[in-house]
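Below: the structure, in structure tokens.
The values are calculated or read from the model by the stated rules, or taken from the named source; none is laboratory data. Predicted model, so just to flag it, every value in this text is computed and none were measured. So basically every Cβ, Gly included, is an ideal-geometry build from the backbone, and we count neighbours across all protein chains shown. Heavy atoms of the whole protein, side chains included, go into the accessibility calculation; ligands, DNA and RNA do not. Shrake-Rupley method; radii C 1.70, N 1.55, O 1.52, S 1.80 Å.
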Amino acid sequence: MNGNALELLKQILEIPSVNSQDNEGAVAEFLADYFKEHGVQAEVQKIDDTHANVIAFVPGKNRERTMIWNGHLDTVPYGSLKEWQTDPAKTKELDGKLYARGSSDMKSGLAAMAYALCHLDGEPACNIQFLGTCDEEKGGLGAEMALKDGKMADGKWILVGEPTGMRLGIAQKGCLWLEISAKGFTSHGAYPKEGANAVFCAVRIADQVKAFVEQTEHSLLGSSTAQITMIDGGVANNMTPDQCRVVMDIRMVPGLTSEQVVAKAKEALAQLQKEDPRFDASFCALNDRRAIEIDAGHPMTEGLGRQIKEAGYEGALLGLNFFTDASVLDRKGERDILLFGPGEPSMAHQPNEYVEIKKYEDAIRILQNFAKECGQE
């Protein structure tokens, strides 16, 4: 493979796209131009001044089937620059690795998909839509707008280029950021029984939610998890708090839903109200992404797995604890989703993030070969 593939990745990495800081639309514009230069139909879906998606389409031999290849354009912040051995905003080749923020998560997967589609040897077996989405690292605005505006194709298969270390990502935890807004009744700190402590209410609900969530397990993902990540409550050092806000980060394995978690929270509140009817609480999902799973025997899993093994990798199955745009693109669970990319999951959001150049280049070949058979059941 010539150096053009690596040069493409370097160019994408050096376009700043830190979530909530940079213009993510600049990556969309760059990729749209790249697709068009190589004869691929592409457009930019502009959302606002700093957010945009890029959408490309490659027609296949089987015009009745469309597969969606998805990747996100944004990165997380650099973090402490003191912990980086290189400049995270610039690419650096060292010992067969390419260092920069986003190299693993997930501009290497994004670039591999774009390069593969622009340098196919003939038509793919089915239509392939490339959907590059913004704001994945935060609220999923790009994926939401692609659905709202009808930009995503009506394809049942989705391949997401998240970092899997060249393994097959067949399961992904869902994520619920549950906000608990508890209310009680204030009193003098010396007479706590005259009040109803809202902090106690919120924490008691959170404890019961945590115990409920951690009962569910998965063979690849382990157990679901729940923790309090934010808490705010209280009036003064000597007053019983009458309000408390708690946010929980809940990661759900397949089989556990956000509806079940919220139902448990409401059940815990009802128990508290039996003890003291002055307690009350409301619940809000600040982020809600369902868990994802595809069967190991699915044609997409077997087809990509075969290409991975032929390229010299073992094709092991992987479960991912972090969420992706797949949960947004398939809210109702009507599509089959597989994750595959050259980046390393352990490098995501870390200082000194890198991708192995050989894996990136091998991923391109794997994707190109996979595209030749993507229409087969």
Using only the alpha carbons of the range 1-51, determine the length spanned along each of the three principal axes and report them from longest to shortest in whole angstroms. 35, 23, 9
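Two-decimal Rg/Rh of the range 165-209 from alpha-carbon positions, Kirkwood Rh? All intermediate terms of the calculation are to be shown ahead of the outcome.
Numbers: Rg = 19.2 Å, Rh = 13.8 Å.
The Rg/Rh ratio comes out at 1.39.
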How large is the Kirkwood hydrodynamic radius of the range 1-95, counting all unique pairs of alpha carbons, in Å? 15.3 Å
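According to the Cα gyration tensor, what semi-axes, each the square root of 5 times an eigenvalue, does the equivalent ellipsoid of the range 27-75 have, listed from largest to smallest in whole Å?
Numbers: eigenvalues 98, 33, 16 Å².
Those come to 22, 13, 9 Å.
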Solvent-accessible area per residue for the range 202-315 at a 1.4 Å probe radius, Å²? 52 Å²
Going out from 0 in 5 Å bins, what whole percent of all Cα-Cα distances in the range 89-169 drops into each bin? 3, 11, 18, 22, 22, 13, 8, 3, 1
How do the peptides 347-357, 279-289 rank, highest first, by the average count of neighbouring beta carbon atoms within 10 Å per residue? 347-357, 279-289
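For the range 45-146, what is the per residue volume of the convex hull drawn over the alpha-carbon atoms, in cubic angstrom? List each step's numbers first, then the result.
Working: hull volume 12.0 nm³, N = 102.
Dividing the Cα hull volume of the range 45-146 by its residues yields 118 Å³.
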Unit Cα scatterers, Debye sum, the chain: log10 I(q)/I(0) for q = 0.09, 0.10 Å⁻¹: -0.56, -0.67
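Could you rank the peptides 165-175, 140-150, 86-96, 260-270 by their average count of other C-beta atoms within 10 Å per residue, with the highest value first?
Numbers: 165-175: 23.7, 140-150: 19.0, 86-96: 14.9, 260-270: 16.7.
Most protected by this proxy first, the peptides run 165-175, 140-150, 260-270, 86-96.
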Hey, what's the Kirkwood Rh for the range 264-327 if you take every pair of different alpha carbons, in angstrom? 16.1 Å
Over 25 Å between C-alpha atoms is what I'm after, so list which of 90/173; 90/358; 92/372; 10/156; 61/151; 156/210 land there. 90/173; 92/372; 10/156; 156/210
Quick one: pull the percent of accessible area on the chain belonging to carbon and sulfur, 1.4 Å probe, ligands and nucleic acids left out. 46 percent
Modelling each spin label as a point 7 Å along the Cα-to-Cβ direction, I'd like the residue 245/residue 295 distance in nm, to one decimal. 4.6 nm
How big is the range 226-377 on each of its three principal axes, counting only the C-alpha atoms and giving the largest first in Å? 67, 38, 21
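Using just the alpha carbons, could you tell me how many Å³ per residue the convex hull of the range 135-213 encloses?
Per-residue hull volume (Cα only) is 191 Å³.
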Highest mean packing first, using Cβ neighbours within 10 angstrom, the peptides 207-214, 72-79 sort as 72-79, 207-214
Cα point-scatterer Debye curve for the range 162-318, base-10 log of I(q)/I(0) at q = 0.10, 0.11, 0.18 Å⁻¹: -0.48, -0.55, -0.99
Based on the Cα gyration tensor of the range 93-226, what are the three equivalent ellipsoid semi-axes, each the root of five times an eigenvalue, rounded to whole Å and given largest first? 46, 19, 16
List the aspartates and glutamates whose alpha-carbon lies under 12 Å from that of residue 309, not counting same-chain residues fewer than 8 positions away? 362
